[in-house]
1. Between Val40 and Ile11, what is the spin-label point distance in nm, taking each point 7 Å from the Cα along the Cα→C-beta axis?
2. Given only helices, namely DSSP H runs of n ≥ 4 each adding -39500 (n - 2.57), what is the per-residue ellipticity at 222 nm of the chain, to the nearest 500 deg cm²/dmol?
3. Specify which residue in the list Pro27, Val150, Tyr163 is farthest towards the positive end of the charge dipole of the chain, using unit charges on the beta carbon of Lys, Arg (+1) and Asp, Glu (-1), about the Cα centre.
4. Identify which of Ile73, Ile135, Ile164 has the largest mean-square fluctuation in a Gaussian network model of the chain, with springs joining Cα atoms closer than 10 Å.
5. Show me, bin by bin at 10 Å from 0, the whole-percent P(r) of the range 2-285 based on Cα pairs.
6. Given Cβ point charges of +1 (Lys, Arg) and -1 (Asp, Glu) and nothing else, what value in debye, to the nearest 20, does the dipole of the chain about its Cα centre take?
7. Taking a ≥ b ≥ c as the square roots of the eigenvalues of the Cα gyration tensor of the range 1-116, is the shape rounded (a/c under 1.5), prolate (a/b larger than b/c) or oblate?
8. Pick out, in residue order, every one of the chymotrypsin sites (Phe, Trp or Tyr not before Pro) in the range 199-274 that is DSSP loop and has at most 11 other C-beta atoms within 10 Å; say none if there are none.
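Derivation of every value follows stated rules applied to the coordinates shown; laboratory data play no part. Keep in mind the model is a prediction, meaning the values are calculated, not measured. A quick note on method: Cβ atoms are made from the backbone with ideal geometry, for glycine too, and the neighbour counts reach across all protein chains shown.
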Amino acid sequence: MNVLLMIMPAIGWGLLPPVVARIGGKPANQIFGTAIGALVSALVLFIFYHPHISTVTFLIAALAGAFWVVGQIGQFIGLKNIGVSATMPVSTGMQLIGTSLVGVVVFGEWSAVSEKVLGALGILVLIVGIWLTSIRDQRSGKKGHDKNQVNTMIMLLFTTLGYIVYMAIPRGLSSSGLAIFLPECVGMVMAVLIYVIVTRQTAIFKESASWLCIAGGLVYAFGAITYILSVNANGVNSAFVASQLAVVISTLLGMIWMQETKSRREMMYMIFGLVLIVSGAVITTVF
């Protein structure tokens with residue numbers, strides 16, 4: 001049962017990108033539907049689980065959820081611009097590097113010399129993995145596409161900071177896990193509403209794609225809830241590393257389900273890069 005719990009978060013988080021990409025719509029449609037779906041799941045969970053949480057913790061957890069929206073919008077824009085199989089390895093790798101560095105700088109992890117050496121090695125492996133997955137063949141007439149890819153990568157670099165803050169905040173709270181899932185989802189929805197209003201995209205409330213993308217929120221919530229349960233059952237390190245298999249699932253589904261084509265050379269680099277990204281997650285977390 002514990003092994004099954006370790007795999008479930010990867011399935012949920014791995015399904016999110018291809019599911020919303022398959023549904024289609026604009027990034028605003030996708031982030032709205034995903035946030036609403038996550039909130040619905042959190043409310044259902046709250047009916048059966050009534051955690052005690054202070055007002056301050058609720059507000060801080062909601063802020064974490066708002067930062068998640070920044071990262072997720074960037075990811076959805078990446079899916080639209082360069083596809084699932086190109087976006088997910090880069091996005092995941094950047095998250096792993098960022099959270100590792102926050103753990104060292106803010107929370108004082110890797111205190112021993114051996115931990116620092118292995119941690120630095122793990123980050124180097126992650127960087128190489130990201131680079132390999134981003135390699136594309138030079139094709140004639142594709143300069144515009146190459147520029148779009150570079151711009152998207154830069155955008156992912158900045159928006160991934162939202163994910164990093166989202167993952168860092170709960171580590172400093174007295175309450176965690178299922179207790180902060182509902183306030184996080186409340187913060188997600190509030191941030192999405194602000195984003196939609198500020199960017200003048202309120203028309204999405206009437207578009208079917210927005211409501212169909214609730215399916216994305218449900219699979220995200222499945223991943224988040226089972227990850228919390230996996231942490232309790234298997235420990236943080238094992239649960240976290242297993243959850244990173246999501247990048248493999250989403251990338252492969254991007255090619256199979258979304259029919260994103262790659263040359264033989266690009267495929268070899270991508271597979272090797274994915275192996276390095278997962279290996280980097282193991283090195284920085286377990287050893």
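1. Modelled inter-label distance: 2.0 nm.
2. Here the helix-only value at 222 nm equals -27000 deg cm²/dmol.
3. Ranked along the dipole, the leading option is Val150.
4. Highest fluctuation of the listed residues: Ile135.
5. 7, 28, 37, 22, 5, 1, 0
6. 800 debye
7. Here the range 1-116 falls in the oblate category.
8. Hits after loop and neighbour filter: nothing returned.
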